[in-house]
Amino acid sequence: MTAVKPSELPPVPLTLEGASVLHQMLRVRWPAWRSLTAVDRTAILDEAACKLTELEHHRSAAFSMLGHKGDLMLVHFRNSFDELVEVQNKLPALRLWDYLDQSSSYVSVVELGLYESTSKVYASLADKGVAPHSSEWNEEIEATLERQRQAMHPRLYPEVPPSKYICFYPMDRRRGEDKNWYQISMEERQAMMAEHGAVGRRYAGTVKQIITGSIGFDDWEWGVTLFADDPLVFKRLIYEMRFDRVSAVYALFGTFFVGKRVNGDEFRSLLTL
Amino acid sequence: MTAVKPSELPPVPLTLEGASVLHQMLRVRWPAWRSLTAVDRTAILDEAACKLTELEHHRSAAFSMLGHKGDLMLVHFRNSFDELVEVQNKLPALRLWDYLDQSSSYVSVVELGLYESTSKVYASLADKGVAPHSSEWNEEIEATLERQRQAMHPRLYPEVPPSKYICFYPMDRRRGEDKNWYQISMEERQAMMAEHGAVGRRYAGTVKQIITGSIGFDDWEWGVTLFADDPLVFKRLIYEMRFDRVSAVYALFGTFFVGKRVNGDEFRSLLTL
Amino acid sequence: MTAVKPSELPPVPLTLEGASVLHQMLRVRWPAWRSLTAVDRTAILDEAACKLTELEHHRSAAFSMLGHKGDLMLVHFRNSFDELVEVQNKLPALRLWDYLDQSSSYVSVVELGLYESTSKVYASLADKGVAPHSSEWNEEIEATLERQRQAMHPRLYPEVPPSKYICFYPMDRRRGEDKNWYQISMEERQAMMAEHGAVGRRYAGTVKQIITGSIGFDDWEWGVTLFADDPLVFKRLIYEMRFDRVSAVYALFGTFFVGKRVNGDEFRSLLTL
Amino acid sequence: MTAVKPSELPPVPLTLEGASVLHQMLRVRWPAWRSLTAVDRTAILDEAACKLTELEHHRSAAFSMLGHKGDLMLVHFRNSFDELVEVQNKLPALRLWDYLDQSSSYVSVVELGLYESTSKVYASLADKGVAPHSSEWNEEIEATLERQRQAMHPRLYPEVPPSKYICFYPMDRRRGEDKNWYQISMEERQAMMAEHGAVGRRYAGTVKQIITGSIGFDDWEWGVTLFADDPLVFKRLIYEMRFDRVSAVYALFGTFFVGKRVNGDEFRSLLTL
Amino acid sequence: MTAVKPSELPPVPLTLEGASVLHQMLRVRWPAWRSLTAVDRTAILDEAACKLTELEHHRSAAFSMLGHKGDLMLVHFRNSFDELVEVQNKLPALRLWDYLDQSSSYVSVVELGLYESTSKVYASLADKGVAPHSSEWNEEIEATLERQRQAMHPRLYPEVPPSKYICFYPMDRRRGEDKNWYQISMEERQAMMAEHGAVGRRYAGTVKQIITGSIGFDDWEWGVTLFADDPLVFKRLIYEMRFDRVSAVYALFGTFFVGKRVNGDEFRSLLTL
């Protein structure tokens, strides 16, 4: 058996997937909404607020958005794409749906990148001379993934944190002509991700962060959803991280959405004229 | 007869074209749709579901999309542009068409790039000293293409795979000031494509991939349509490929669309309020 | 009289202008169109088809477009901008205009770049020591242009080719920080254009190409309009050209539009429900 | 205790946050507005002008915009995001809201970057050998921030300046492959910001500038809101600054909005037909 | 008194500002317009044509646009932003305004860059050892500006030229990572602008060019408005200039708009069905 040389090791970090997630940004069509009688508006809100309360029991939440990108953000965490398709396709049955326009959305799955475990298991398999993608290799990798899946289950299938504010944005790793994340070594990527994680841990008490992967599902590679009671913490965390090498050099950011959590009653008052 | 020097060989890989393909992304105009009576909606859905069933017999399929980019995706495989124009132009006759907006589309043809055959036939013609684009050259090339066309017929004119999920995205090869796919040698391109194909083959049992060419037809150079029962496989395949040289350095991606297959009955329930 | 040094010669190739051209992309407003009675629709189509037949006698043509960018493309070749303004401004008088939205357009003039003649006349004037932009220089240049204008008249004021398919796209020459078309020598540009033209000539029997200039008129520098009976030839031609240096390095492409020619009767059937 | 080496000091400048700010750009829907009776328009304007006067007492202001990006800009300074959410969500209760479309918006907080204080306190803590992010470090930093917060209170929670004209634009610091603001040293950033500030001070009498931070809140990193009686001063200030190193090399600009202050009465006349 | 070293001289060229300018691009809402009775349309056109004639006496003009970017362009030259705001805000009082959508606009002021005067006065002040931005410096600069303002008055406050065609486009000076207009010396900029101006002067008899500055007012740094009787001259001038260093390397262009002048009567016929 020939030993596997490090340079032939796959450059792809092992990754765990958890809940399927849909972010929906919605705008209220105010003129049509106001043209209804107060009685109709109340009936429609009764139906919608009731539905929202039901959805909250299945890991969905609603947020009142700041700015013109939308009035309302719905975030749904589910066990599979099938469940996401189902919840999405039932919403138009609400009469309120006629008074809302979808301005944006994001499709992704909760993701944990296992840079450290990857290095260990790749090194151990290389030491044993197991060829990448051989059946022995695949079994060992799958065993590692399964152990991590068990250990990480609560992080892979999270509850919606009860924080007052949400911040969502999609991002890519840069593939520039000169600076290209996908062309540097696993070691460099692992080191930068560790440095990045260290900053995040200093905010552990104040911000809850959920990373979702969207390669193949939406227009950016990852989504970042942050939850905090004090929205200023979003700015401080992201600004501090922007000086990390992995963000400074390799992060490209999409649109930012910010909102305040609303429960059924607050949702009703948001739409009460 | 002067021998042809390798540097004078055409840099263009031989390419086979097959079915003409149209992807149509559609949004439902919910307020107008709901304003109809239940009886009208049923009649309109009867007509549309019946048409969908008919189209499915001619290599069309419908998908319920996730996210705000559309509610419905129709994909049509046909034998020619004439047939695509025909199927497209008959759809507005459906009464349902008044309740749909086309949010996006993609025009392309199934394509197989013959990097290996190209190298062989170019080398053989160069050995014989046949000048590129001479009539002898053209005959030999056409003979090669015709042999491949016969052999590849099922891949050039595919059925729509019966998988539960679809993923579609367009892409370009990078033409940067420094990194330019169209300025590197045929050998380098062939080697990178082979490496890329090797990753794809590891997913052969779980993902069906159809590559379509769209130079001259739409805004990106190629379309990629993936079919799988487990949508997470889209992410794993594309993420792993992103570390290939050909993707890491030379691939630029457009918008990603993801949907779940619906047959006639599921299509009806998608639009039932 | 001091001899003019080559480096002081103007870097601008001589260019002939011919017909003024307007491409109009139109979308049908299906719900409004269907809301008419069949009698009204017939009357409106009678008027429009009759107008189309009239316009075809003045070098206009209509195409049924593939994809969501439009349902209909009108292309008008005229002798001047005045005539283009006139034809454009008469179209809203058609009742059909209320059922169409203009989704895109392109304003340009037929253009022939005279790289070879430019080199010859610049060299000859430099040999005679005539200073650029002197009145003697200007007279010689104008005489050259006038001779070419006579010789090229049929190409400058073309009929719309009778081919079944059209492909239109706008393009720029790259002005990158490193690779800049407008900073390389006339000799290099002339050599690359000659190489590019040689590829085009191999397609002479199957594709008719009309280059139009749009600097100062629209958002890209040139428009390319291709006509062919087999639309696959568009892809083959443009793909092969993409490996030319002038395209690989210096061509930037806009949106691609593809359509099938419709005469008056086909135009009527396109809009018949 | 080991001394902290300068290179290990955090590269993040200390930053103070003040008022939460929302810019709202609005377009009038003229046809709907004109379709009302003069009596209705007057009643709706009475309600809206009255609300505007009330909002002006809480640090909001209205501006008549120049150009098609909007007819009206509302700017709200508040003590918290909670207050911003509240003011935003009460506006749709105005009947006028049915005749307005939000064309754009910006969410940010007043920010003061303390480059000089940062250098001093980092140097002093390094001299004492206090490790970054230790609890001693954190206490010293928080004490510095608190002293500055007290001193800067009027600038952190500003009144809306009474100037006749406003100019608003968002901006980023460049993170190019070669020129990257987040990869240069704190010293270089501090020196460039000082040079930039020196230009600004020459305009102190004529322009009032409010910098707001929007990382995590909106699509650019900062917002710049300028107030002046003579709008030409906006151009002179920004043009002069464009030659500063920090702007020439590291500033990327978004959309510019310009408007003229309107009080309640002027606001009424703006909408009177 | 210490002599000022050239490298410390401000890199900003002196600039004169003149008329405030608003370009408005408008689309006709044909279905709404046609739905009126002929009598109503006539009355509305009477009012609008009368207003246009009045505006033409105050340096406004109307153009019939080619292409889908708009049907109508209004260009207003005024003495101040106050006057621009006023003319803009009176237009919605026209009943025609309900049948028009603003598709685009541009806000700028007539600008003359005084590269030559700047060099002279900076050199003279440096010779005298006057420190930049000292009060003596400021007085001398203001005296220079005032002399030029008097001399240039007709160019700063121009009449709308009576030419048949208009071409408008906005532009930026490039601030690339490598090629950056704002990082090269005043001498280089002055030399390139002189070379650029020499080309322009060869077209003096056929094209009238008005440069407006829009830093702080709109999304590009400058606007270029060209007037000519023969629209082909726009293409020739801009194409020739594209080979100048200042354009080839440092000019970035926005959208191009082209239109034909219409007076009151022609304006009426443009909208007559």
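The values are calculated or read from the model by the stated rules, or taken from the named source; none is laboratory data. Keep in mind that what you see is a predicted model, and the values were worked out from it rather than measured. Cβ sites come from the backbone with ideal geometry, for glycine too, and all protein chains shown count toward neighbours. Each accessible area value is taken on the protein alone, full model and side chains, heavy atoms only, with ligands, DNA and RNA left out. Shrake-Rupley method; radii C 1.70, N 1.55, O 1.52, S 1.80 Å.
All but one of (1) of a type in the set (A, V, I, L, M, F, W, C); (2) out of contact with any strand residue (DSSP E or B) (no Cβ under 8 Å at 6 or more places or on another chain); (3) open to solvent by 30 Å² or more (accessible area, probe 1.4 Å) hold for C:V199; state the number of the condition that does not hold.
(3) is the only condition that C:V199 fails.
Of the conditions (1) in contact (Cβ under 8 Å) with a residue 60 or more places away in the chain; (2) more than 8 Å from every other protein chain (Cβ to nearest Cβ), C:D244 fails just one. Which one is it?
(1)
Report, by residue number, each residue of the range C:166-185 that is touching a helix residue (DSSP H, G or I) at 6+ places or on another chain (Cβ under 7 Å) and farther than 18 Å from B:N180 by Cβ.
Answer for the range C:166-185, where residues must be touching a helix residue (DSSP H, G or I) at 6+ places or on another chain (Cβ under 7 Å) and farther than 18 Å from B:N180 by Cβ: C:C167, C:Y182.
Select from the range D:247-262 the residues that are open to solvent by less than 20 Å² (accessible area, probe 1.4 Å) and in a loop (DSSP other than H, G, I, E, B) and list them in ascending order.
D:G254, D:F256 - these are the residues of the range D:247-262 that are open to solvent by less than 20 Å² (accessible area, probe 1.4 Å) and in a loop (DSSP other than H, G, I, E, B).
Let's see how each residue does on (1) at pLDDT below 95; (2) aromatic (F, W, Y):
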site	(1), (2)
A:F217	no, yes
A:G223	no, no
A:D230	no, no
A:F253	no, yes
A:V262	no, no
A:S269	yes, no
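Just need a number here: residues in the range C:124-137 that are open to solvent by 40 Å² or more (accessible area, probe 1.4 Å) and polar (S, T, N, Q). Even if it seems obvious, please write down each step before you answer.
Looking only at the range C:124-137, we keep the residues that are open to solvent by 40 Å² or more (accessible area, probe 1.4 Å), and these are C:124, C:127-128, C:131, C:133, C:135-136.
Retained after the next criterion (residues that are polar (S, T, N, Q)): C:124, C:135.
Going through the range C:124-137 one residue at a time, the tally reaches 2.
Identify the single condition in (1) of a type outside the set (D, E); (2) at pLDDT below 95; (3) within 28 Å of D:F256 (Cα to Cα) that E:Y182 does not satisfy, given that it satisfies every other one.
Exception for E:Y182: condition (2).
Being small (G, A, S) and open to solvent by less than 30 Å² (accessible area, probe 1.4 Å) is the filter here, so list the residues in the range D:263-273 that pass it. Can you show your working first?
Looking only at the range D:263-273, we keep the residues that are small (G, A, S), and these are D:264, D:269.
Result: D:G264, single match.
Rundown of residues vs (1) at pLDDT 95 or above; (2) under 20 Å from the mean Cα position of the chain (by Cα), yes/no style:
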position: D:N79; (1), (2): yes, yes
position: D:L91; (1), (2): yes, no
position: D:V107; (1), (2): yes, yes
position: D:Y115; (1), (2): no, yes
position: D:I141; (1), (2): yes, no
position: D:E146; (1), (2): yes, no
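Can you work out which of the residues in the range E:3-27 that are touching a Phe, Trp or Tyr at 6+ places or on another chain (Cβ under 6 Å) and not hydroxyl-bearing (S, T, Y) is nearest to E:G264 (Cα to Cα)?
Here the answer is E:H23.
Name the single residue, out of those in the range C:207-219 being within 11 Å of chain E (Cβ to nearest Cβ) and without any contact (Cβ under 8 Å) to a residue 60 or more places away in the chain, that is surrounded by the fewest Cβ atoms within 10 Å (Cβ to Cβ).
Ranking the candidates gives C:D219 first.
If you check B:E140, B:E187, which single one turns out to be among the acidic types (D, E), in contact with a Leu (Cβ under 9 Å, 6 or more places away or on another chain) and open to solvent by 20 Å² or more (accessible area, probe 1.4 Å)?
When all the criteria are applied, what remains is B:E140.
Out of D:D98, D:D82, I need the residue that is more than 23 Å from A:P31 (Cβ to Cβ), among the charged types (D, E, K, R) and either in contact with a Pro (Cβ under 9 Å, 6 or more places away or on another chain) or within 11 Å of chain A (Cβ to nearest Cβ) (or both). Which one?
Just a single option satisfies the conditions, and that option is D:D82.
From the list A:D265, A:D230, which one is assigned to a helix (DSSP H, G or I) and among the charged types (D, E, K, R)?
The unique qualifying residue is A:D265.
Please tell me if B:S60 is among the polar types (S, T, N, Q), more than 14 Å from chain A (Cβ to nearest Cβ) and open to solvent by less than 40 Å² (accessible area, probe 1.4 Å).
Considered against the rule, which asks whether it is among the polar types (S, T, N, Q), more than 14 Å from chain A (Cβ to nearest Cβ) and open to solvent by less than 40 Å² (accessible area, probe 1.4 Å), B:S60 comes out as yes.
Just give me the residues in the range C:11-37 being away from chain B (no Cβ under 13 Å) and small (G, A, S), in sequence order.
C:G18, C:A19, C:S20 - these are the residues of the range C:11-37 that are away from chain B (no Cβ under 13 Å) and small (G, A, S).
Would you mention how many residues in the range E:247-271 are more than 7 Å from every other protein chain (Cβ to nearest Cβ), within 15 Å of C:Q88 (Cβ to Cβ) and more than 17 Å from the chain's Cα centre (by Cα)? Can you show your working first?
First, pick out the residues of the range E:247-271 that are more than 7 Å from every other protein chain (Cβ to nearest Cβ): E:247, E:250-254, E:257, E:259, E:261-269, E:271.
Cutting the leftovers down to within 15 Å of C:Q88 (Cβ to Cβ) gives us E:257, E:259, E:262, E:266, E:269, E:271.
Next, from what is left, pick out any that are more than 17 Å from the chain's Cα centre (by Cα): E:262, E:266, E:269, E:271.
So the answer is 4.
With the structure loaded, tell me whether C:L237 is surrounded by 18 or more Cβ atoms within 10 Å (Cβ to Cβ), touching a helix residue (DSSP H, G or I) at 6+ places or on another chain (Cβ under 9 Å), free of Cβ contacts under 8 Å to residues at least 60 places away in the same chain and closer than 15 Å to B:G216 by Cα or whether it fails that test.
Details: surrounded by 18 or more Cβ atoms within 10 Å (Cβ to Cβ): yes; touching a helix residue (DSSP H, G or I) at 6+ places or on another chain (Cβ under 9 Å): yes; free of Cβ contacts under 8 Å to residues at least 60 places away in the same chain: yes; closer than 15 Å to B:G216 by Cα: yes.
So C:L237 passes the test.
Could you tell me which numbered condition A:E54 fails, if it satisfies all but one of (1) open to solvent by 30 Å² or more (accessible area, probe 1.4 Å); (2) touching a strand residue (DSSP E or B) at 6+ places or on another chain (Cβ under 8 Å)?
(2)
Condition test on D:A204, is it more than 14 Å from chain A (Cβ to nearest Cβ), free of Cβ contacts under 8 Å to residues at least 40 places away in the same chain, over 26 Å from D:V160 (Cβ atoms) and not in a strand (DSSP E or B)?
Taking the combined requirement at face value, the residue does not satisfy it.
Right, C:R173: under 20 Å from C:S108 (Cα atoms), facing chain E (nearest Cβ under 10 Å) and modelled with pLDDT of 95 or more or not?
Taking the combined requirement at face value, the residue satisfies it.
Scan the range A:63-99 residue by residue and report those that are open to solvent by 30 Å² or more (accessible area, probe 1.4 Å) and aliphatic (A, V, I, L, M).
The answer is A:A93, and nothing else.
For the range D:143-171, give me the residue count where each residue is of a type in the set (D, E, K, R), more than 14 Å from D:I210 (Cα to Cα) and loosely packed, with under 13 Cβ neighbours inside 10 Å.
Here the count works out to 2.
Can you tell me which condition B:V121 does not meet? The list is (1) surrounded by fewer than 18 Cβ atoms within 10 Å (Cβ to Cβ); (2) more than 14 Å from chain C (Cβ to nearest Cβ), and all the others hold.
All conditions are met except number (1).
Is it true that some residue in the range E:19-37 is small (G, A, S) and surrounded by 18 or more Cβ atoms within 10 Å (Cβ to Cβ)?
Checked the range E:19-37: at least one residue is small (G, A, S) and surrounded by 18 or more Cβ atoms within 10 Å (Cβ to Cβ).
What are the pairs, 6+ residues apart or on separate chains, where a residue within the range D:252-273 that is hydroxyl-bearing (S, T, Y) has its Cβ under 7 Å from a residue that is open to solvent by 50 Å² or more (accessible area, probe 1.4 Å)?
D:T255/E:D219
For B:K5, which of the numbered conditions (1) open to solvent by less than 30 Å² (accessible area, probe 1.4 Å); (2) within 30 Å of B:A143 (Cα to Cα); (3) not small (G, A, S) fails to hold?
Tallying (1) open to solvent by less than 30 Å² (accessible area, probe 1.4 Å); (2) within 30 Å of B:A143 (Cα to Cα); (3) not small (G, A, S), B:K5 fails exactly one: (1).
If A:L226 satisfies every condition in (1) open to solvent by less than 10 Å² (accessible area, probe 1.4 Å); (2) more than 9 Å from every other protein chain (Cβ to nearest Cβ) but one, which is the exception?
Failed condition: (2).
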